[in-house]
Number of protein chains: 2
Amino acid sequence: MSIASDLIRGHTDTIILAQLFKGDSYGYEINKAVQQLTDGQYELKEATMYTAFRRLESTHLIESYWGDEQTGARRRYYRITPNGRAAYRRLQGEWEVAKELIEKLIRIKE
Amino acid sequence: MSIASDLIRGHTDTIILAQLFKGDSYGYEINKAVQQLTDGQYELKEATMYTAFRRLESTHLIESYWGDEQTGARRRYYRITPNGRAAYRRLQGEWEVAKELIEKLIRIKE
DNA sequence: TTATATACATTGACAGGCGAGGTATATCGC
DNA sequence: GCGATATACCTCGCCTGTCAATGTATATAA
């Protein structure tokens with residue numbers, strides 16, 4: 001993990017929104033998806049993830065509801081809102097811009 | 001500015017090291033270079049930049065010395081150290097890795 | 001019955017970014 | 001001579017996001 005963790009800081013919200021864009025999900029599952037997508041190279045720390053859920057819900061970008069599992073631990077599902085979809089698209093655009101800026105700024109090829 | 005500022009967070013040290021890799025420079029000049037390289041789309045906030053200088057110097061990635069200007073405001077020049085060059089190369093590698101991870105995580109194309 | 005996996009959540013410390021404020025020198029227009 | 005602007009430095013204190021540590025509860029496998 002360690003490596004890149006600093007650099008992915010700031011993308012937590014976007015990562016969560018991107019997962020929820022594909023369909024409702026819950027914390028544990030989202031985190032597993034993140035690990036699977038990166039071949040275990042990255043994971044959302046639980047504290048970070050739940051902080052992000054609170055933040056995203058308080059700004060109405062996502063909504064939550066309890067699943068109706070008959071067995072096993074209870075799950076709090078999250079759903080992306082229309083505002084959340086708009087925010088996701090905006091964040092994706094910002095990433096494209098930021099990526100280009102960073103490329104320009106950290107290469108030594110004058 | 002605003003946009004992307006969050007996303008470039010974490011690259012401040014790399015940006016400064018990259019500029020110093022090209023040759024000794026001082027705060028004001030580095031910041032102008034950053035603005036010029038990004039066509040005014042990004043700038044290092046002074047407080048952020050000077051905080052970074054302190055951090056980089058305390059970890060021996062850069063060294064500083066006063067310029068001998070006969071006129072005008074005094075300038076504190078910075079020089080990258082061998083440690084700094086190594087750190088820069090490492091950070092650049094980490095960026096390549098992080099970039100790929102982010103791309104995988106924020107796109108909705110499953 | 002002990003360990004592991006699933007699943008949630010909070011607290012408190014830490015680090016980086018940055019607005020606001022401050023200092024000093026030089027030049028340009030009026 | 002005077003105010004504005006550019007150059008050039010610096011620090012304090014707040015804010016925000018990350019995350020280690022800790023805690024809860026259920027189900028299953030050894």
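The values are calculated or read from the model by the stated rules, or taken from the named source; none is laboratory data. Treat the numbers as computed from the prediction; the structure is a model and nothing was measured. Virtual Cβ from ideal backbone geometry, glycine too; neighbours counted across all protein chains shown. Ligands, DNA and RNA are excluded from the accessible area calculation, which covers all protein heavy atoms including side chains. Shrake-Rupley method; radii C 1.70, N 1.55, O 1.52, S 1.80 Å.
Quick one: in the range B:1-38, which of the residues that are in a loop (DSSP other than H, G, I, E, B) and within 9 Å of another protein chain (Cβ to nearest Cβ) is farthest from B:Leu91 (Cα to Cα)?
The initial filter retains those residues of the range B:1-38 that are in a loop (DSSP other than H, G, I, E, B), namely B:1-4, B:9-11, B:22-24, B:38.
Those still in the list that are within 9 Å of another protein chain (Cβ to nearest Cβ) too: B:3-4, B:9-11, B:22, B:38.
Numbers: B:Ile3: 23, B:Ala4: 19, B:Arg9: 14, B:Gly10: 10, B:His11: 9, B:Lys22: 16, B:Thr38: 20 Å.
Per the stated criteria, the residue is B:Ile3.
Just one of B:Leu105, B:Leu7 is more than 15 Å from DNA strand C (Cβ to nearest atom), open to solvent by less than 60 Å² (accessible area, probe 1.4 Å) and closer than 30 Å to A:Gln36 by Cβ; which is it? Quick ask: steps written out before the conclusion?
Numbers: B:Leu7 fails: more than 15 Å from DNA strand C (Cβ to nearest atom).
Only one candidate passes the filter, namely B:Leu105.
Residue-by-condition table, conditions (1) within 18 Å of A:Thr14 (Cβ to Cβ); (2) of a type in the set (S, T, N, Q):
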residue: A:Thr38; (1), (2): yes, yes
residue: A:Met49; (1), (2): yes, no
residue: A:Glu57; (1), (2): yes, no
residue: A:Trp66; (1), (2): no, no
residue: A:Arg75; (1), (2): no, no
residue: A:Arg89; (1), (2): yes, no
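For B:Tyr50, all conditions in the list (1) in contact (Cβ under 8 Å) with a residue 12 or more places away in the chain; (2) open to solvent by less than 80 Å² (accessible area, probe 1.4 Å) hold save one; what is the number of the exception?
(2)
Could you check, for the range B:65-85, whether at least one of its residues is in a helix (DSSP H, G or I), out of contact with any Lys or Arg (no Cβ under 7 Å at 6 or more places or on another chain), more than 9 Å from DNA strand C (Cβ to nearest atom) and over 23 Å from B:Lys99 (Cα atoms)?
Looking only at the range B:65-85, we keep the residues that are in a helix (DSSP H, G or I), and these are B:82-85.
Now drop any that are not out of contact with any Lys or Arg (no Cβ under 7 Å at 6 or more places or on another chain), which leaves B:82-85.
Filter once more, keeping what is more than 9 Å from DNA strand C (Cβ to nearest atom): B:82-85.
Then keep just the ones that are over 23 Å from B:Lys99 (Cα atoms); that gives B:82-83.
The answer is yes, given that some residue of the range B:65-85 is in a helix (DSSP H, G or I), out of contact with any Lys or Arg (no Cβ under 7 Å at 6 or more places or on another chain), more than 9 Å from DNA strand C (Cβ to nearest atom) and over 23 Å from B:Lys99 (Cα atoms).
Can you tell me which of A:Ile62, A:Ile30 is over 22 Å from A:Ser5 (Cα atoms) and among the β-branched types (Val, Ile, Thr)? I'd like the intermediate steps shown before the answer.
Numbers: A:Ile30 fails: over 22 Å from A:Ser5 (Cα atoms).
The conditions single out A:Ile62.
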